[in-house]
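First the structure, in the form of structure tokens, and then the observations on it.
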Amino acid sequence: MEGKKFLTRTLCIAVALVLVCVYFFYLLYDAQVVNAITDSASTDLSLTSTTETVEAARGNIYDRYGRVLVTNTTVYNVELDIDSMGSEAEQAATVVKLISLCEEQGLEWNNSEFPVEYDADSGSFAFTTDTPYVVVSNGTYTATRLNTLCQNMGWGTTGTSANTLIRQMCNTFSIDASLDPERKLEILGVLYSALLRSGVDQIIWTDYYFLEDVDFSFISVVKEEGLDGVNIVATTERSYNTDYAGVLLGQVGAISAESWSENKETYLAEGYSMDSIIGLSGVESAFEEYLRGTDGTKTVTKDSDGNIVSEEYTEEPQAGNNVTLTIDIKLQEAAEEALEKYTESINDGAGGSAAVVVDIDTGEILASASWPTFSAATYTEDYEELAADELLPLYNRALLGTYAPGSTYKICSAVAGLSSGAITTSTTFECNYSFQYYDWVYRCWYKRGHGTENVADAVRDSCNVFFYNLADLVGIDTLTDYALQFGLGVSTGVELTESTGVNAGPEYSESVGATWTLGNVMSAVIGQSDNQFTPLQLANYIATFINGGTRYSAHFLKSVKSYDNSEIVTSVEPTVLNEVDISDDAYAAIKKGVGEVIDADNITDFDTLRSWGIDVGLKTGTAQLGSTGLYNAVIVAFAPYDDPEIAICTVVEKSPSQGADTAMIAAAILEYYFSDDATLERVNAENALIN
């Protein structure tokens with residue numbers, strides 16, 4: 001009996017479930033087939049679909065031990081789409097409301113493109129430039145953005161005054177003529193920027209962000225107002241995890257109108273659009289091909305009120321690759337801090353300075369510092385001040401600055417003499433302060449004379465007379481040949497923009513309209529005359545000597561990995577550019593001389609390193625700057641002396657002191673590199689490298 005009741009209840013429940021399923025199937029059929037929204041019905045509902053670009057994340061930048069230097073941060077911007085704001089009067093009303101919201105929240109909006117200002121003294125408007133409508137360059141007349149917009153809007157010709165233009169714009173947007181002039185400018189400035197990017201005849205193709213990096217409280221306020229054409233857009237911007245290496249890391253930004261015009265075909269072939277964000281300088285530019293991602297697209301459907309009904313990705317964005325640099329950011333920090341700490345006390349703020357550290361066995365650049373410098377994180381905010389600074393903090397002295405090497409060049413001269421067979425390690429010359437060469441008399445820096453010197457002695461004492469004798473034997477062609485072999489006056493192979501410098505000689509003199517004389521070789525052999533090299537070239541030069549003559553290509557790129565670090569895209573191996581023939585005897589003699597410089601010059605800055613059991617090989621150079629009484633002080637060094645790992649070059653501009661007096665900069669950098677903390681940090685970092 002009970003079993004029969006159970007079967008009956010089960011049957012009833014099953015029937016009920018079937019009926020419910022049939023009912024829902026009917027509703028679904030009715031909605032999707034019987035009453036489906038046809039294309040015409042969709043039009044009646046005023047649904048519009050647009051294809052939008054989805055920005056791809058840019059790859060991260062790491063230092064050699066996996067420390068994150070540059071990454072991406074999501075920010076929210078207020079974007080204005082003036083085409084969705086309704087009539088001109090409604091457009092102006094929306095802008096007025098936005099400005100009021102900003103003032104209530106204490107926010108500053110972007111309003112710097114409108115080339116009109118108000119002069120309270122005269123009570124009239126004026127253009128901020130003398131050529132508001134037409135720019136003339138190389139005899140070519142080009143219409144400005146204002147000119148093009150005025151033609152599109154019917155606001156007059158190139159002769160229209162600022163006052164007339166403001167009046168016409170106010171008429172277009174139904175702005176009260178009695179409104180405060182400054183308020184008019186605020187409203188019209190926003191409308192101007194939005195109009196430049198509106199319609200089918202867009203003048204600027206980048207988005208107009210009325211506000212950037214807004215917080216959620218302001219987003220909520222804007223959403224509550226329900227303003228047509230005002231969109232909250234999520235985008236990414238570069239985020240810097242270090243205040244160091246600013247001039248090295250570089251910046252990103254939109255392609256300029258000028259660059260697009262000049263390189264349009266190249267940009268299009270590489271998949272860029274007019275509003276693409278690219279690397280503009282430094283590492284960001286040098287490794288653009290790796291860091292850039294591939295933008296995606298999505299279809300956005302909106303109703304008549306501008307509300308988003310649906311979004312569908314038609315192509316997923318592909319993030320850029322991660323770039324790992326050869327730089328040790330902690331060593332970079334030590335280099336920049338050493339330059340900042342000592343440069344001004346050395347030259348009284350008259351000039352800048354630079355320091356470069358390279359791995360002698362690979363050509364990897366471990367640090368590349370220039371002073372004064374800046375933080376990439378605050379570059380935009382600080383730009384005007386940086387650009388106006390007479391010491392040129394935006395200038396990368398380490399790679400672009402060229403300096404006479406002074407006596408640091410004597411290592412190259414010694415190799416040229418020994419390797420060419422002009423002298424041997426036992427050859428001696430007598431230094432009695434002066435040296436007669438035809439009708440000219442050249443003098444040593446040491447007025448008492450050095451007496452009898454061999455090559456090791458001459459390198460140690462920096463004896464000019466010894467090298468004058470050597471120059472007489474080898475000539476300028478041999479000197480230049482070995483300078484080129486050491487990478488002086490030619491590209492180091494580095495990926496960033498660099499100066500190639502100058503080798504003194506007849507060819508260069510002729511190129512600048514000067515006459516090369518036989519006596520010029522006497523200046524060239526001691527690192528003067530027209531010799532001009534970068535700190536990077538000099539660091540790589542001493543590295544080439546101390547590793548026995550193998551010149552590696554200098555480089556910043558260590559490896560490239562996929563965005564999730566799961567795949568190695570490329571890994572940079574040391575590249576040998578050439579070999580300098582240095583015999584064992586020549587190497588030992590010159591190295592001996594370099595190793596004795598610190599004691600010979602009574603330099604005490606390296607006493608701490610010596611107490612750690614680390615000796616340093618050093619050569620100083622002092623290049624006089626005309627009759628100013630100032631010098632560019634140069635130092636090249638390597639350490640440890642017995643088993644060299646790194647080479648370094650430091651330069652201090654416009655110093656009243658000799659090269660040896662700037663040794664504290666090199667000492668401070670080397671002290672950090674060989675400190676227990678740095679050594680332990682490198683070991684830990686190596687064990688924790690990103691996968």
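Surface analysis of the chain yields an accessible area of 48 Å² per residue, using protein heavy atoms and a 1.4 Å probe.
Less than 5 angstrom separates the built amide H of Y208 from those of L80, all sequence-distant by 5 or more or on a different chain.
The spread of Cα positions in the stretch 265-355, taken along each principal axis and listed from longest to shortest, comes to 68, 32, 28 Å. Using only Cα atoms and rounding to the nearest 10 degrees, what angle (0 to 90) does helix 663-674 make with the longest principal axis of the chain? Once rounded, one gets 60 degrees. Taking a cut-off of 24 Å between Cα atoms, list the lysines near K410, but don't count ones fewer than 8 places away on the same chain. Of all the lysines, those that pass the test against K410 - Cα under 24 Å, at least 8 places apart if same chain - are K447, K591, K592, K619, K654. Computed from phi, the 3J(HN,Hα) profile of the stretch 446-451 under the Karplus parametrisation 6.51, -1.76, 1.60 (θ = phi - 60°) reads 9, 5, 7, x, 9, x Hz, with x in place of Gly and Pro. Only Lys, Arg, Asp and Glu carry charge here, each on its Cβ (+1 for the first two, -1 for the last two); on that basis the stretch 98-157 has a dipole of about 420 debye about its Cα centre. Residues H555, H450, ordered by accessible area of protein heavy atoms at a 1.4 angstrom probe radius and largest first, appear as H450, H555. Note the angle between two axes, namely the Cα long axis of helix 464-485 and the longest principal axis of the Cα atoms of the chain, as a number of degrees from 0 to 90, rounded to the nearest 10. Roughly 40 degrees between the two axes. Close amide H contacts of A504 (hydrogens built in the peptide plane, cut-off under 5 Å, sequence separation of 5 or more or a different chain): D530, N531, Q532. For the stretch 594-656, what mean projected area does the convex hull of the alpha carbons give, in nm²? Across all orientations, the stretch 594-656 yields a mean hull projection of 4.6 nm².
Once the C-beta distance of D130 and S178 is scaled by a Förster radius of 25 Å, the resulting FRET efficiency is 0.25 to the nearest 0.05. Between the stretch 335-381 and the stretch 175-227, what's the alpha-carbon centroid distance in Å? The stretch 335-381 and the stretch 175-227 have Cα centres separated by 42 Å. Ranked by the mean number of other Cβ atoms within 10 Å per residue, highest first, peptides 329-341, 583-595 order as 329-341, 583-595. The share of Cα pairs per 5 Å bin across the stretch 530-656, counted from zero up to the longest distance, runs 2, 9, 15, 17, 17, 14, 11, 7, 4, 3, 1, 0 percent. Enclosing the Cα atoms of the stretch 48-185 in their convex hull gives a volume equal to 241 cubic angstrom per residue.
Could you tell me which residue out of G626, L146, V459 lies farthest along the dipole of the chain toward its positive end? Charges go on the beta carbon: Lys and Arg +1, Asp and Glu -1, centred on the Cα centre. So the residue furthest toward the plus end is V459. Put simply, the Cα atoms of the stretch 421-512 extend 46, 29, 26 Å along their principal axes, the longest span coming first.
In the calculated pair-distance distribution of the stretch 224-302, the portion above 19 angstrom amounts to 52 percent of the Cα-Cα pairs. With kT/(6 pi eta Rh) evaluated at 37 °C and eta = 0.692 mPa s, and Rh the Kirkwood radius from Cα pairs, the chain diffuses with a coefficient of 108 µm²/s according to Stokes-Einstein. For K184, the aspartates and glutamates whose Cα comes closer than 16 Å to its Cα, not counting residues fewer than 8 places off in the same chain, are E88, E90, E103, E113, E117, D119, D176.
Taking the Cα centre of the chain as reference, the dipole from Cβ charges on Lys and Arg (+1) and Asp and Glu (-1) amounts to some 960 debye.
Axis angle, to the nearest 10 degrees, between helix 676-687 and the longest C-alpha principal axis of the chain: 50 degrees.
Amide H to amide H, which residues 5 or more places from S434 or on other chains are under 5 Å from it, using H placed in the peptide plane? Amide H neighbours of S434: C444. Dimensions of the stretch 391-453 from C-alpha coordinates, computed as largest minus smallest value along each principal axis and given longest first, are 47, 29, 22 Å.
Taking θ as phi - 60° and the Karplus parameters 6.51, -1.76 and 1.60, the scalar couplings of the stretch 174-188 work out to 6, 8, 4, 5, 7, 5, 3, x, 5, 5, 4, 4, 4, 5, 5 Hz in sequence order, x denoting glycine and proline. Taken over the stretch 344-431, the alpha-carbon convex hull comes to 168 cubic angstrom per residue.
The share of accessible area on the chain that comes from carbon and sulfur is 48 percent, using a 1.4 angstrom probe. Computed log10 I(q)/I(0) for the stretch 520-592 at 0.13, 0.23 Å⁻¹: -0.60, -1.10, from the Debye equation with unit scatterers placed on every C-alpha and solvent omitted. With a bin width of 10 angstrom, please list the P(r) values of the stretch 359-507 as percents of all Cα-Cα pairs, from the 0 bin to the one holding the largest distance. Whole-percent P(r) values from 0 Å outward: 10, 29, 27, 20, 11, 4, 0.
The values are calculated or read from the model by the stated rules, or taken from the named source; none is laboratory data. None of these values were measured; they are calculated from a predicted model. Quick reminder, even Gly has a Cβ in these numbers, built from the backbone with ideal geometry, and neighbours come from all protein chains shown. Side chains are part of the model used for accessible areas, which takes the heavy atoms of the whole protein and leaves out ligands, DNA and RNA. Shrake-Rupley method; radii C 1.70, N 1.55, O 1.52, S 1.80 Å.
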